[in-house]
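The values are calculated or read from the model by the stated rules, or taken from the named source; none is laboratory data. This is a predicted model, so every value here is computed, not measured. Quick reminder, even Gly has a Cβ in these numbers, built from the backbone with ideal geometry, and neighbours come from all protein chains shown.
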Amino acid sequence: MEVMIAMVIGSVLTAGIIELFVANSETHRVMIGQSRMQESARFSLQFIGRSIRQAGYRGCFSSNDSLHTTINPVGNIPYEYDLNFGVQGYEATAADVWVPVLNLLPQTTSGGADTNVYSTGIGEGAGNGIDIDAVISGTDVLTLRSMNQQDIEARLVNLLGVTDNIVVAVPSDGLALLKDHLAVIHDCEKATIFRVTLVNNNNPVPGQMTIGHDTADVDAVANSFDNLALKNSFNTDASVTAIESSTYFIAPGIGENSSGDHPLSLWWKTGLDEPVELVEGVEDLQILYGVSTNDDGTPNQYVAANSVTDWKEVVTIRVTVIVNSIDDVGGTTTPTHGCAIQNCYTDEVFDGLVRRSFTQTIKLRNTS
């Protein structure tokens, strides 16, 4: 009898310990999931926010609207280099439909063409486009462009003549220029996008770089100095700067979660490089644009990309990301984009992930 009583008491204690262990394990999974969500959201908003604050930066020429280009017609400027627009967005309006049309992006499928930046053959950036078929329907896409901001500008060594190559004093962090890419030569009075036809890092003078701009009209680009400087001349107060672009979108990630599924992720494409997975567990990106119609720098209203009539009127951007716990923690929230993407449980409308929405409004610093 005593042994049976001891066994019963022991069983009750063991069951209690097991239940406590299971509860602690579930609590631990939920806490890990919440920590992941907060970390993913913080990193996503910080990364996108940094690009937004930089968008439209053109040195002391940032507030000037008359950016010139040697590209003729202007519509031939490659997507990544179109510094006429620091911000460009795409609103998801229906299943696999974006307005403006998303296939304007450099892409690898959906009938688009890879980026070809003025070179023979396949061109720079070929094969590195965005697979638009992979972009999750219902999520927005955002592109931000700017000049590459440097601590020390690459200023001209002397007055630029009509047929002279451009010679600049190179800062310690370089210029990130490649042949057949586009760059900007600028001062506070004027700025011009031109085609780089020569990059000589081995200039006879230490600390200087020679940048060619052939005057022949090749690939719709007339790089003569007459076109580079529409008024006056580029002198030693002018600089040459590379152009940066960042495109953010949502697509399935490369890794797997504890259920063997590929969680959705925030992806980032910069310049002519191939897209990279930036933050795992970000399943939605929604963008609203604060538009100032009276030029006072304060938004009158927030609208979607398909309602923006002039991108130069955008003064703030409101970014919303929905992040999840990546792994199944027993959550019962409904996936943002349905069970077909999130792999819900059979006969259920949830997949065990917990979710949370984070929003941040960011002011553009370089509106024209």
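Taking every residue in segment 69-93 that is within 23 Å of Arg365 (Cα to Cα) and in contact (Cβ under 8 Å) with a residue 12 or more places away in the chain and pairing it with any residue that is among the acidic types (Asp, Glu) and part of a helix (DSSP H, G or I), at least 6 positions away or on another chain, yields no pair with a Cβ-Cβ distance below 6 Å.
Note on segment 298-342: residues that are touching a residue at least 12 places away in the same chain (Cβ under 8 Å) and either among the hydrophobic types (A, V, I, L, M, F, W, C) or part of a strand (DSSP E or B) (or both) total 22.
For the residues Leu353, Leu285, the requirement of being crowded, with 19+ Cβ neighbours inside 10 Å, among the hydrophobic types (A, V, I, L, M, F, W, C), in contact (Cβ under 8 Å) with a residue 60 or more places away in the chain and within 29 Å of Ala176 (Cβ to Cβ) singles out Leu285.
Here's the yes/no breakdown for (1) over 30 Å from Leu160 (Cα atoms); (2) free of Cβ contacts under 8 Å to residues at least 40 places away in the same chain; (3) touching a Cys at 6+ places or on another chain (Cβ under 9 Å):
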site: Asn223; (1), (2), (3): no, no, no
site: Asn235; (1), (2), (3): no, no, no
site: Phe249; (1), (2), (3): yes, no, no
site: Ser258; (1), (2), (3): yes, no, no
site: Leu266; (1), (2), (3): yes, no, no
site: Pro275; (1), (2), (3): yes, no, no
site: Val279; (1), (2), (3): yes, no, no
site: Thr293; (1), (2), (3): yes, yes, no
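One residue stands out in segment 12-41 among those that are at pLDDT below 70 and acidic (Asp, Glu): the one that is surrounded by the most Cβ atoms within 10 Å (Cβ to Cβ), namely Glu26.
Among the residues making up segment 42-82, a single one is over 17 Å from Ile185 (Cα atoms), at pLDDT 75 or above, of a type outside the set (A, V, I, L, M, F, W, C) and not in a helix (DSSP H, G or I): Pro78. Within segment 260-282, the set of residues being within 12 Å of Val321 (Cβ to Cβ), among the small types (Gly, Ala, Ser) and touching a helix residue (DSSP H, G or I) at 6+ places or on another chain (Cβ under 8 Å) comprises just one member, Gly281.
Under the condition of being in a loop (DSSP other than H, G, I, E, B) and either at positive phi or of a type in the set (A, V, I, L, M) (or both), the residues counted in segment 343-357 number 5. Of the residues Ala92, Ala113, Ala154, which single one is at pLDDT below 90, small (Gly, Ala, Ser) and surrounded by 15 or more Cβ atoms within 10 Å (Cβ to Cβ)? Unique residue meeting the criteria: Ala154.
The set of residues in segment 190-212 that are in a loop (DSSP other than H, G, I, E, B) and without any contact (Cβ under 8 Å) to a residue 60 or more places away in the chain comprises Val196, Thr197, Asn201, Asn202, Asn203, Pro204, Val205, Pro206, Gly207. Here segment 243-278 is the region considered, the condition is being small (Gly, Ala, Ser) and modelled with pLDDT of 90 or more, and the residue that is farthest from His181 (Cα to Cα) is Gly255.
Pairing each residue of segment 160-183 that is under 25 Å from Glu80 (Cα atoms) with any residue that is in a loop (DSSP other than H, G, I, E, B) and among the aromatic types (Phe, Trp, Tyr), provided the two are 6+ apart or on different chains, yields C-beta distances under 6 Å for Asp180/Tyr118.
Scanning segment 133-150 for residues being under 15 Å from Ala94 (Cβ atoms), outside any strand (DSSP E or B) and of a type outside the set (Ser, Thr, Tyr) gives a total of 4. Please tell me if Asp284 is of a type in the set (Asp, Glu), in a loop (DSSP other than H, G, I, E, B) and touching a strand residue (DSSP E or B) at 6+ places or on another chain (Cβ under 9 Å). Taking the combined requirement at face value, the residue does not satisfy it. When segment 327-349 is limited to residues that are among the hydrophobic types (A, V, I, L, M, F, W, C) and under 30 Å from Tyr289 (Cβ atoms), the one that is surrounded by the most Cβ atoms within 10 Å (Cβ to Cβ) turns out to be Ile341.
Checked against (1) buried (at least 16 other Cβ atoms within 10 Å of the Cβ); (2) modelled with pLDDT of 90 or more; (3) not hydrophobic (A, V, I, L, M, F, W, C), Pro100 passes all but a single condition, namely (1).
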